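Novice: Before I ask anything, here is the structure I am working with.
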Amino acid sequence: MAGRILGMGDMLTLIEQAEQVFEKDEAEKAAKKLATGKFTLDDFLEQLQQLKKMGPLQNVLGMLPGVGAQLKDAEVSDDQVRRTEAIIRSMTLEEREDPSIINGSRRTRIAKGSGTQVQDVNRLVKQFAEMQKMMKRFGGRLPSR
């Protein structure tokens with residue numbers, strides 16, 4: 001309780017919930033893909049689905065140290081997660097494996113198929129590309145089990 005008040009989150013509860021939801025083999029596979037930079041949108045979708053099993057996103061993020069106070073300003077919601085899932089599911093397998101092939105007409109098709117705007121598709125593709133770059137930079141430094 002004191003940790004939550006001090007903005008340290010509730011890491012123990014978060015870890016316990018994660019252990020219940022994430023299968024060890026799957027988590028290790030995802031970590032290896034992250035470390036090698038071969039993390040795809042399918043992998044990202046799978047991680048989102050596992051995260052959703054832990055409960056409302058606001059609650060899960062609120063357990064992270066220092067994140068609770070920042071959540072008031074952030075617009076992270078379960079609706080956004082659902083939109084992200086819809087966008088990814090509206091992509092072909094090739095697009096999920098290599099988002100760099102998603103040109104203007106593909107973005108329009110994905111937006112229509114997911115019930116979102118082209119800007120939402122653009123945002124997801126850009127964020128995923130940034131995440132991949134970051135993972136490649138830090139990939140060699142991630143602990144391997």
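The values are calculated or read from the model by the stated rules, or taken from the named source; none is laboratory data. The structure presented is a predicted model; accordingly, all values stated were derived computationally and were not measured. Please note: Cβ atoms are built from the backbone with ideal geometry, for glycine as well, and neighbour counts cover all protein chains shown.
Novice: For residues in the range 116-141 being small (G, A, S) and either exposed (fewer than 14 other Cβ atoms within 10 Å of the Cβ) or at pLDDT 95 or above (or both), which is nearest to L45 (Cα to Cα)?
Specialist: Looking at the filtered set, the residue picked out is A129.
Novice: Determine which member of the set L71, L34 is hydrophobic (A, V, I, L, M, F, W, C), at pLDDT below 75 and surrounded by fewer than 16 Cβ atoms within 10 Å (Cβ to Cβ).
Specialist: L71
Novice: Scan the range 93-115 for residues that are within 18 Å of the chain's Cα centre (by Cα) and crowded, with 16+ Cβ neighbours inside 10 Å and jot them down.
Specialist: Passing the criteria: E95, R96, P99, S114.
Novice: Which one is surrounded by the most Cβ atoms within 10 Å (Cβ to Cβ) among residues in the range 77-92 that are in contact (Cβ under 8 Å) with a residue 24 or more places away in the chain and out of contact with any Leu (no Cβ under 9 Å at 6 or more places or on another chain)?
Specialist: First pass over the range 77-92, keeping only residues in contact (Cβ under 8 Å) with a residue 24 or more places away in the chain: 78, 81, 83-91.
If we keep only those that are out of contact with any Leu (no Cβ under 9 Å at 6 or more places or on another chain) too, we end up with 86, 90.
Values: A86: 16, S90: 18.
Within the range 77-92, the match that is surrounded by the most Cβ atoms within 10 Å (Cβ to Cβ) is S90.
Novice: So, one more: So I102 ticks every box in (1) modelled with pLDDT of 90 or more; (2) under 26 Å from E26 (Cα atoms); (3) of a type in the set (A, V, I, L, M, F, W, C) but one. Which box is left unticked?
Specialist: (2)
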